[in-house]
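Reading through the structure tokens given below for one structure.
The values are calculated or read from the model by the stated rules, or taken from the named source; none is laboratory data. No experiment lies behind these values; they were computed from the predicted model shown. Please note: Cβ atoms are built from the backbone with ideal geometry, for glycine as well, and neighbour counts cover all protein chains shown. Just so you know, the surface numbers come from the protein's heavy atoms only, side chains and all, with ligands and any DNA or RNA stripped out. Shrake-Rupley method; radii C 1.70, N 1.55, O 1.52, S 1.80 Å.
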Amino acid sequence: MKRSLQQIAEAVGGRLMGDGRVEVSAVASIASATPGDIVFVEDEKHLAAALQSRAGAVIAGEFAETLAASAAGTRSLLIPLLISDHPKLAFARAARLLQERLPLGGAPQQGRVHSTAVIHSSVVIGPGVFVGERAVVGEQAQIAENTRIGAGCAIGAGVKIGRHCEIYPTVTIYPGTTLGDRVIVHAGAVLGSDGFGYVRDRKTGHYEKFPQVGRLVIEDDVEIGANATIDRGALDETRIRRGAKIDNLVHIGHNCQIGEDVVIAAQTGLSGSIVIENGVVLGGQVGIGEHARIGEGVMLGGQGGVLPNKVLRGKGVAFWGTPAQPVRQYLKQLATLARLSKKDKKD
């Protein structure tokens, strides 16, 4: 969707230098940009390349204002600049503004249920909802306005999906799960499945299933990656709070509580009944044992391990290793081990 630079500047809160009537329709990298694209630079060393590119406009930091003013008479002044104190964020917001909302079937945005979709007669569907090929929506489900359900999705009975959600193909949402507004769920994700809960009979050694009758609640503005799995609560609920971002192939066990603006990278696995407080960042392949608690703002590096029932605290503190510990402490231990190893070789 074409937008003028003036419209973009107003939407992202940037200062425009140049012709605000110029229109762009997409975002791109500096190398691949065309006159209809807008690009961004975060540091001064890449500004010259951006200004010499074929891009229609450049989003840049405060440093660009002075440099552009001193470049009078060069082609750089022919490319409008949008100055922002956070150019990457402004670029992301511009991309959302330019992205034309099309149903997953590719037709112009409108309410449409594909003829092969199976929708129970009790389902409540809001205006502008798109349901793709061979999707199945169970009884008493609710899908709010302008949400898009991709091909082959299975939406269980009593599921509630909010407004402006994007549910990509082959997503499975178990009965009773609730999604807020503007939730994005990528292909193959499974939401609300039974938790891994069993009771061992001491006499026979056999395992019997513990009830998995809780629910899963996903709040507004959450994004869930492809083939991620999130279990329902056993007796209560699993909850993913506003703004959390969950990467591909992440598993979240039953009864977990994930805080606001948490980021979880790929292949991380969380056992049951874990609390992840607001603003936590978990690197790839992190493993956390049951009933552990990760405090607000903690950063846990890739392949870090947290033992069951442990508590990590320290806003802005980076942890690493297994068992996870502050990274400075971890690196000191590695250095000590290296010195001891050298000493053993000499001896």
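Given the condition surrounded by fewer than 19 Cβ atoms within 10 Å (Cβ to Cβ) and within 23 Å of F130 (Cβ to Cβ), answer yes or no: does some residue in the range 257-268 qualify? Within the range 257-268, not a single residue is surrounded by fewer than 19 Cβ atoms within 10 Å (Cβ to Cβ) and within 23 Å of F130 (Cβ to Cβ). On the stretch given as the range 277-307, residues that are open to solvent by less than 40 Å² (accessible area, probe 1.4 Å), out of contact with any strand residue (DSSP E or B) (no Cβ under 6 Å at 6 or more places or on another chain) and in contact (Cβ under 8 Å) with a residue 24 or more places away in the chain total 3.
Of the residues I230, I252, I218, I274, only one is surrounded by 24 or more Cβ atoms within 10 Å (Cβ to Cβ) and either over 13 Å from F196 (Cα atoms) or more than 18 Å from the chain's Cα centre (by Cα) (or both); which?
Numbers: I230 fails: either over 13 Å from F196 (Cα atoms) or more than 18 Å from the chain's Cα centre (by Cα) (or both); I252 fails: either over 13 Å from F196 (Cα atoms) or more than 18 Å from the chain's Cα centre (by Cα) (or both); I274 fails: surrounded by 24 or more Cβ atoms within 10 Å (Cβ to Cβ).
Only one candidate qualifies: I218.
Taking the range 131-148 as the range and being within 20 Å of G188 (Cβ to Cβ), in a strand (DSSP E or B) and open to solvent by 20 Å² or more (accessible area, probe 1.4 Å) as the test, only V136 passes.
One line per residue, one yes/no per condition, for (1) surrounded by fewer than 17 Cβ atoms within 10 Å (Cβ to Cβ); (2) at pLDDT 90 or above; (3) among the charged types (D, E, K, R):
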| residue | (1), (2), (3) |
| --- | --- |
| R15 | yes, yes, yes |
| S29 | yes, yes, no |
| I38 | no, yes, no |
| G61 | no, yes, no |
| T74 | yes, no, no |
| L81 | no, yes, no |
| S84 | no, yes, no |
| L89 | yes, yes, no |
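For the range 161-189, name all the residues that are outside any loop (DSSP other than H, G, I, E, B) and polar (S, T, N, Q). Scanning the range 161-189 gives T172, T178.
Check whether at least one residue in the range 242-255 is free of Cβ contacts under 8 Å to residues at least 60 places away in the same chain and either over 26 Å from A187 (Cβ atoms) or touching a Cys at 6+ places or on another chain (Cβ under 9 Å) (or both), and report yes or no. No, the conditions are met nowhere in the range 242-255. In this entry, Q303 is excluded by the filter for residues that are at pLDDT 95 or above and among the polar types (S, T, N, Q).
So which of Q325, Q329 ends up being open to solvent by 80 Å² or more (accessible area, probe 1.4 Å) and at pLDDT 85 or above?
Numbers: Q325 fails: open to solvent by 80 Å² or more (accessible area, probe 1.4 Å).
The match here is Q329.
Within the range 283-298, does at least one residue satisfy the condition of being touching a Cys at 6+ places or on another chain (Cβ under 6 Å) and in a loop (DSSP other than H, G, I, E, B)? So that I can check it myself, show each step before the final result.
To start, the set of residues in the range 283-298 that are touching a Cys at 6+ places or on another chain (Cβ under 6 Å) comprises none.
Checking the range 283-298: not a single residue is touching a Cys at 6+ places or on another chain (Cβ under 6 Å) and in a loop (DSSP other than H, G, I, E, B).
Got at least one residue in the range 22-29 being assigned to a helix (DSSP H, G or I) and touching a residue at least 12 places away in the same chain (Cβ under 8 Å)? Break it down into steps so the answer makes sense when it comes.
Step one: filter the range 22-29 for residues assigned to a helix (DSSP H, G or I), giving none.
No, there is no match, as no residue in the range 22-29 is assigned to a helix (DSSP H, G or I) and touching a residue at least 12 places away in the same chain (Cβ under 8 Å).
Name the one entry in G152, G158, G128, G192 that is within 18 Å of R239 (Cα to Cα), in a loop (DSSP other than H, G, I, E, B) and touching a residue at least 12 places away in the same chain (Cβ under 8 Å).
Working: G152 fails: within 18 Å of R239 (Cα to Cα); G128 fails: within 18 Å of R239 (Cα to Cα); G192 fails: in a loop (DSSP other than H, G, I, E, B).
When all the criteria are applied, what remains is G158.
The requirement of being of a type outside the set (D, E), free of Cβ contacts under 8 Å to residues at least 24 places away in the same chain and open to solvent by 40 Å² or more (accessible area, probe 1.4 Å) is fulfilled somewhere in the range 168-184, by at least one residue.
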